[in-house]
């Protein structure tokens, strides 16, 4: 850590201001959350709202505790988590690779780009019956749906990042005799890091959408299964509990990507 004597008083005051602002932002975030939960619980307790329909924080906590007691909580969470992570990883890896291939070959890009646009606009839920026929009724179908949701997004985002490389820098490397592989590894990939992080952030949401959507269609376990089952038997506390767990898991996954972003920026 650098000695504070290396900084001017004005710079130190600026750093203290930035730190203070960050603390205030975090306090405001948690205050809003606490106020919302407290108001929700109070409204349910005073019968301002119908807790059977809207549930309440205390009922959600009880439902989660019941899932834990009967030994199914981690089974459902684990099922959805691995399906989501598997689909996320496959979509990112394949999407990045396809985007590289499209950048490398202009002819291939011009041929396939219209199809990518059409596939991106296609409602993936419409392919649900076909996915069941192709992949069966197990987790493979859910992972396939997750990949399908995130793949085109990954390709389009990374291709846009590759194509946005500074033209002047490209011309400079070409004039110096750099090969296409050297241009790719020394310029295009490093300059597209912000797009890669942005693609990861988008695909976090896409992965959870895909896995839950897949579990809506066909599942025997998982958070999406709990939501569907709870809705069918009118156990709305179970539905809200599953939604709460989903929010927590998605937030943790997004926070990990944000942490990766800070590490990348720090090491650049």
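What the table below lists for this structure:
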read-out	value
Residue satisfying all of: in region 172-184; out of contact with any helix residue (DSSP H, G or I) (no Cβ under 6 Å at 6 or more places or on another chain) and under 26 Å from residue 112 (Cα atoms); surrounded by the most Cβ atoms within 10 Å (Cβ to Cβ) among these	184
Residue match in region 203-217 (condition: closer than 30 Å to residue 123 by Cα, exposed (fewer than 14 other Cβ atoms within 10 Å of the Cβ) and out of contact with any strand residue (DSSP E or B) (no Cβ under 8 Å at 6 or more places or on another chain))	no
Residue tally, condition without any contact (Cβ under 8 Å) to a residue 40 or more places away in the chain and buried (at least 18 other Cβ atoms within 10 Å of the Cβ), over region 150-160	0
Residue under evaluation residue 99, criteria (1) outside the structural domain of residue 199 (by TED's automatic domain parsing); (2) surrounded by 15 or more Cβ atoms within 10 Å (Cβ to Cβ); (3) at pLDDT 90 or above, criterion not met	(1)
Scope region 23-54; condition in a helix (DSSP H, G or I) and under 24 Å from residue 231 (Cβ atoms); matching residues	36, 37, 40, 41, 43, 44, 51, 52, 53, 54
Entirely in region 113-221, the helices (runs of 4 or more DSSP H) that have 3 or more residues that are outside the structural domain of residue 102 (by TED's automatic domain parsing) and under 17 Å from the mean Cα position of the chain (by Cα)	none
Residue count, region 179-188 (criterion: in contact (Cβ under 8 Å) with a residue 12 or more places away in the chain and closer than 18 Å to residue 101 by Cβ)	5
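Let's see how each residue does on (1) in contact with a strand residue (DSSP E or B) (Cβ under 6 Å, 6 or more places away or on another chain); (2) without any contact (Cβ under 8 Å) to a residue 60 or more places away in the chain; (3) surrounded by 15 or more Cβ atoms within 10 Å (Cβ to Cβ):
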| residue | (1), (2), (3) |
| --- | --- |
| 24 | no, yes, no |
| 34 | no, yes, no |
| 43 | no, yes, yes |
| 60 | no, no, yes |
| 67 | no, no, yes |
| 80 | no, no, yes |
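The values are calculated or read from the model by the stated rules, or taken from the named source; none is laboratory data. All values reported here derive from a predicted model rather than from experimental measurement. Cβ sites come from the backbone with ideal geometry, for glycine too, and all protein chains shown count toward neighbours.
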